[in-house]
1. Tally up the carbon and sulfur contribution to the accessible surface of segment B:65-116 as a whole percent, 1.4 Å probe, everything protein left in place.
2. Pop out the carbon and sulfur fraction of the accessible area of segment A:15-112 as a percent, whole number, probe 1.4 Å.
3. In Å², rounded to the nearest 100, what is the total accessible surface buried by chains A and B against each other with a 1.4 Å probe?
4. Can you give the relative contact order of chain A as a percent, counting alpha carbon pairs under 8 Å and 6+ residues apart?
5. At 0.890 mPa s and 25 °C, plugging the Kirkwood radius over alpha-carbon pairs of chain A into Stokes-Einstein gives what diffusion coefficient in µm²/s?
6. Along the Cα→Cβ direction, 7 angstrom out, place labels at A:F63 and B:E30. What is the inter-label distance in nm?
7. Rounded to the nearest 0.05, what FRET efficiency do B:E79 and A:S81 have when you use their Cβ-Cβ distance and R0 = 45 Å?
8. How big is the dipole moment of the protein assembly as shown about its Cα centre under a simple scheme where the beta carbon of each Lys and Arg is +1, that of each Asp and Glu is -1, and everything else is neutral? Debye, nearest 20, please.
Amino acid sequence: LAKTTQPISMDSYEGQEVNITCSHNNIATNDYITWYQQFPSQGPRFIIQGYKTKVTNEVASLFIPADRKSSTLSLPRVSLSDTAVYYCLVGAQAGNNRKLIWGLGTSLAVNP
Amino acid sequence: NAGVTQTPKFRVLKTGQSMTLLCAQDMNHEYMYWYRQDPGMGLRLIHYSVGEGTTAKGEVPDGYNVSRLKKQNFLLGLESAAPSQTSVYFCASSYRTSGGNTGELFFGEGSRLTVL
């Protein structure tokens with residue numbers, strides 16, 4: 001099972017771009033990479049998912065190099081409301097065997 | 001459309017007591033999951049279900065039982081609560097996916113359980 005490693009915490013300022021990198025050295029061929037955001041006292045919320053190269057949606061971009069051993073979540077122009085914990089999730093499904101491994105998360109603090 | 005609803009939101013138990021956490025989803029999702037979240041541990045999968053009438057063990061299934069009698073409901077039971085089960089429990093659901101795509105998980109707001 002692929003495990004993930006990401007920084008425990010990061011600091012940023014409003015308006016800056018934030019990049020959070022997740023390491024997943026033993027990612028399997030079928031594994032997808034997904035990022036979630038979690039605010040205190042709430043359940044995680046899906047941000048973005050990808051398999052390879054680059055994926056972009058209205059809130060973030062996900063960069064995945066060719067070897068897929070790491071991924072980077074990019075948050076453009078962060079605001080105070082982006083202060084949260086960000087989780088990198090690597091997982092796959094094979095028939096009824098569904099294993100999802102979560103990282104410990106990166107606590108992002110956005111300062112004024 | 002309420003999404004994923006967990007009840008109760010808070011509960012205090014004494015060691016040895018039993019209880020059931022209820023998760024209900026109104027999105028017609030095939031898959032449902034129970035996680036626990038502890039400080040410094042991240043989210044850990046307890047049990048999951050890929051369809052009505054099916055359940056499977058996750059990373060930390062000991063001390064818990066689950067049932068999925070109806071597609072929209074996933075129950076997590078503690079038969080004899082222990083202080084080590086003090087945690088925040090999250091239920092999640094997702095659509096059936098193909099290949100290795102795990103799909104988007106939709107989470108409830110959590111149930112905070114304290115076992116004294």
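1. In segment B:65-116, the share of accessible area belonging to carbon and sulfur is 53 percent.
2. Values: 2240 of 4450 Å².
Solvent-exposed carbon and sulfur of segment A:15-112 make up 50 percent of the total.
3. On the way: alone 6520 and 6360 Å², together 10840 Å².
Rounded to the nearest hundred, the buried surface is 2000 Å².
4. Details: 295 pairs, mean separation 41.2, N = 112.
About 37 percent, as a whole number.
5. On the way: Rh = 14.2 Å.
Taking Rh from Cα pairs, D becomes 173 µm²/s.
6. With each label placed 7 Å out from Cα toward Cβ, I get 3.5 nm.
7. Details: r = 41 Å, r/R0 = 0.92.
Plugging the Cβ-Cβ distance into 1/(1 + (r/R0)^6) gives 0.65.
8. Numbers: 20 positive and 16 negative charges, 99 e Å.
Roughly 480 debye for the protein assembly as shown.
The values are calculated or read from the model by the stated rules, or taken from the named source; none is laboratory data. This one's a predicted model, so the numbers in the text were calculated from it and none came from an experiment. So basically every Cβ, Gly included, is an ideal-geometry build from the backbone, and we count neighbours across all protein chains shown. Just the protein is used for accessible areas: all its heavy atoms, side chains included, with ligands, DNA and RNA removed. Shrake-Rupley method; radii C 1.70, N 1.55, O 1.52, S 1.80 Å.
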